[in-house]
Amino acid sequence: MIKFVDILKEQEEIIEVPKLDTPTNRKLMNIISKKFDFDYFREQADKWNLGHKSHIFFNRYMKGDNKNRDLPYNNMEQFMDGTLALPKSKIRELAFLLITNLKVENWLTDPILEPYDYYYYTVDYYDDYISDEEEEDCETCDECGGSGYEDEDCGYCDGEGEVNYECGMCDGSGSITDDEGEEEECDECGGSGNEETECDECHGGGRSNEDCHWCGGETEICETHYYKQLDKLKIKLISPVKLPTPGEEVGDYYTEDYTDWMEKVSEIDGVIVLGEYHWDQEQDEYDPDDDNYKSELYEKENKITWFYEEPFRKVLESTPIHNSSHPFKFVVR
């Protein structure tokens, strides 16, 4: 026997799924479409491949691009946030509404797609390019204490900082003969016959001015580490039909190339990419002088590491709108 509370519970579960085709959303999108050139976006969207539509639009056109100020969508998010005073959840909802309804021209009358019966996918994969990275690790030289010089007495002044030279005025005699032929004490050296001057080699410091033989005068001891780096990427998308499952699993990654899989997906009409981004990376340190070195990263290059499928409605029913993993939030990051 069906209880009334069970009916209410089912109704609550249905209500939890955000409804896109609402009078409010239609009015808001109508206002925004008159403020911004949606025709321009529709024209550009036809030129982009499947994996870049959402990224280019929502992170460059909608949120702004510091390098391309002439783009027509630089202030869309600011307009919805500042002028329309919409909360973040509504902005994400409208962004999702737009990317799933690119063909809508009249937002008040045209049909609006609500892809609740779609399939939701999360796919993690490795990039198809392994980069060469360098990292320099430096520490203060213990031998010279970071001065860059040999820590020993100057060889020119024996650490005194001064050098004695024969007085040039009295030629080292300590006295000079005046015009009347009488000898008197040399004023230049005070009768010592010697002249003390600052050592030119150590500039009076008394320490060696030669570069430290450990750091070569650089004050630091540095070691360069060489890495091969492979980026981990993630893509989230929805599809009106089940997408092909990648190949057999070997170890911790799949055998099928990501590019091959994406080519198959791109042939399916109605697939929508919600978000694509870099989320991690793997590094492998190596010796560039080792000719026999072969990085294990090359075995993972362009491979799918995680493939997750779930009914889209189930995702919307189980994920709160403010949750960081909600599909709407993935559209505008």
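Laboratory data are not the source of any read-out in this text; all were calculated from the coordinates shown. Computed from a predicted structure; not experimentally measured. A quick note on method: Cβ atoms are made from the backbone with ideal geometry, for glycine too, and the neighbour counts reach across all protein chains shown.
For segment 236-251, 3J(HN,Hα) computed residue by residue from phi via the Karplus equation (6.51, -1.76, 1.60; θ = phi - 60°) reads 10, 8, 10, 9, x, 10, 5, 8, x, 7, x, x, 5, 7, 10, x Hz, glycine and proline entered as x. Each of TYR308, TYR226 was scored by other Cβ atoms within 10 Å of its Cβ. Listed from fewest to most, they are TYR308, TYR226. If you look at the Cα atoms of segment 214-309, you get an Rg and a Dmax of 19.7, 67 Å.
Highest mean first, the peptides 230-237, 111-118, 75-82 sorted by other C-beta atoms within 10 Å per residue fall in the order 230-237, 75-82, 111-118.
Loop only by DSSP, 15 or fewer other Cβ within 10 Å of the Cβ. Give me the chymotrypsin sites (Phe, Trp or Tyr not before Pro) in segment 267-305 that pass, ordered by residue number. Of the chymotrypsin sites (Phe, Trp or Tyr not before Pro), the ones in loops of segment 267-305 whose Cβ has at most 15 other Cβ atoms within 10 Å are TYR293. If the chain linking GLU317 and VAL17 were pulled fully straight, counting 0.36 nm for each residue of separation and taking away their Cα-Cα distance, it would gain 107.5 nm.
Size descriptors for segment 231-271: radius of gyration and Dmax over Cα atoms are 11.3, 33 Å. Here the extension length gained between ASP132 and GLN283 equals 53.4 nm, from 0.36 nm per residue of separation less the Cα-Cα distance.
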